[in-house]
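The values are calculated or read from the model by the stated rules, or taken from the named source; none is laboratory data. As the structure is a prediction and not an experimental result, all values here were calculated from the model. Please note: Cβ atoms are built from the backbone with ideal geometry, for glycine as well, and neighbour counts cover all protein chains shown.
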Amino acid sequence: MHKITMPISHLVNEVSINAFDFDIVEVKFLKDIHRFNPPWVFHFDVGIVNDLFMRQIRNIDWTGCELFSFHLGPACRRVKKESYYHIAESPVLDREIIKSIVKDRVARLRELTDVPLAVENGSYFPFPAYTHICEPDFITEIVEENRLGLVFDIAHAMITAHNAGVVFTKYIDALPLDKIVEIHLTGTTISEGTWKDLHNEPDFTGYAVLNYVLCLVPRDVHLTLEYYRDLEIMRKHNRILRRLANVNSESRH
Ligand SMILES: [Fe+2]
């Protein structure tokens, strides 16, 4: 069966979590590790190319962790965030250097833990820090050469295809969908003429993509609602996700 993951957030705490039908908690911040009973999955917002990455995770106690996922980019060792976008604070790296950094850090991770590892597809915007990292063939090479799973973020894929001028289904079909271990569902937003991932309520399009992708994934995966604004709306989508997961699992077995 697919697993409904429950991200811990400012709204989801030790009490409110009981209002949800979920299989496993998803921790997004170091401070929340071991706050809830195991098992847990850890989704880290820092990209593996960022020099902060190893520094921040090297002392984690991985006991009970089922999956560790992280972002691939930005495509430089140091970045800052300015009006929503990543801005490079160090040189933008070429493909081969990014690949060697990822290879080295994944090897170091595997010395620290045998927890399965996965990388998330990001959103592309036309700025230097986003170079290479959203290209589907590059993501495929990173996943396959490092034996990683793929966290498929629906909104990120939609934003990337739109901003790169690529047909959406062509973009996602070029990703290593057979390696998906987790799917993120959230709503995209057009803000100031630009598509953004502001973690809005998922809409019909998001669910259509989710259904499409689930039909192509050869295994049970984690399903994560990335929406954190209203408990009742979160509960509604939690129920939808559970039903959808059940129907899809039954049709595959
Ligand atoms: Fe995501």
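Here is how the numbers come out for the structure above:
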read-out	value
Every residue from the stretch 36-62 that is within 17 Å of Lys80 (Cβ to Cβ) and part of a loop (DSSP other than H, G, I, E, B)	Val49, Asn50, Asp51
Residues (more than 16 Å from the ligand (Cβ to nearest atom) and of a type in the set (Gly, Ala, Ser)) located in the stretch 167-191	Ala174, Ser191
Counted residues, the stretch 206-216 - those being more than 16 Å from the ligand (Cβ to nearest atom) and not aromatic (Phe, Trp, Tyr)	5
Residue under evaluation Ala164, criteria (1) more than 16 Å from the ligand (Cβ to nearest atom); (2) aliphatic (A, V, I, L, M); (3) under 23 Å from Leu109 (Cα atoms), criterion not met	(3)
First in the stretch 222-246 and free of Cβ contacts under 8 Å to residues at least 60 places away in the same chain, second anywhere and within 15 Å of the ligand (Cβ to nearest atom) and assigned to a helix (DSSP H, G or I), Cβ under 9 Å, 6 or more apart	Tyr227/His237; Leu244/Leu210
Some residue of the stretch 29-44 being over 25 Å from Lys236 (Cβ atoms) and polar (S, T, N, Q)	yes
The stretch 49-95, subset of a type in the set (Gly, Ala, Ser) and surrounded by fewer than 22 Cβ atoms within 10 Å (Cβ to Cβ), residue farthest from Lys3 (Cα to Cα)	Ser90
Subset of the stretch 125-153 [within 15 Å of the ligand (Cβ to nearest atom) and either more than 26 Å from Asn211 (Cβ to Cβ) or modelled with pLDDT under 95 (or both)]	Ile133
Flag for Thr194 being over 19 Å from the mean Cα position of the chain (by Cα) and either away from the ligand (no atom under 16 Å from the Cβ) or modelled with pLDDT of 95 or more (or both)	yes
Residue, surrounded by the fewest Cβ atoms within 10 Å (Cβ to Cβ), within the stretch 218-233, restricted to residues that are assigned to a loop (DSSP other than H, G, I, E, B) and within 16 Å of the ligand (Cβ to nearest atom)	Arg229
Filtered residues of the stretch 88-111 (kept if within 13 Å of Tyr130 (Cβ to Cβ) and either modelled with pLDDT under 90 or small (Gly, Ala, Ser) (or both))	Ala88
Odd one out for Val46, checked against (1) at pLDDT below 95; (2) over 17 Å from Tyr227 (Cα atoms); (3) exposed (fewer than 14 other Cβ atoms within 10 Å of the Cβ)	(3)
Any hit, the stretch 76-85, residues being touching a residue at least 60 places away in the same chain (Cβ under 8 Å) and within 16 Å of the ligand (Cβ to nearest atom)	yes
Within the stretch 68-95, tally of residues that are under 26 Å from Ile180 (Cβ atoms) and part of a strand (DSSP E or B)	5
Residues that are touching a helix residue (DSSP H, G or I) at 6+ places or on another chain (Cβ under 9 Å) and charged (D, E, K, R), drawn from the stretch 196-218	Lys196, Asp197, Glu201
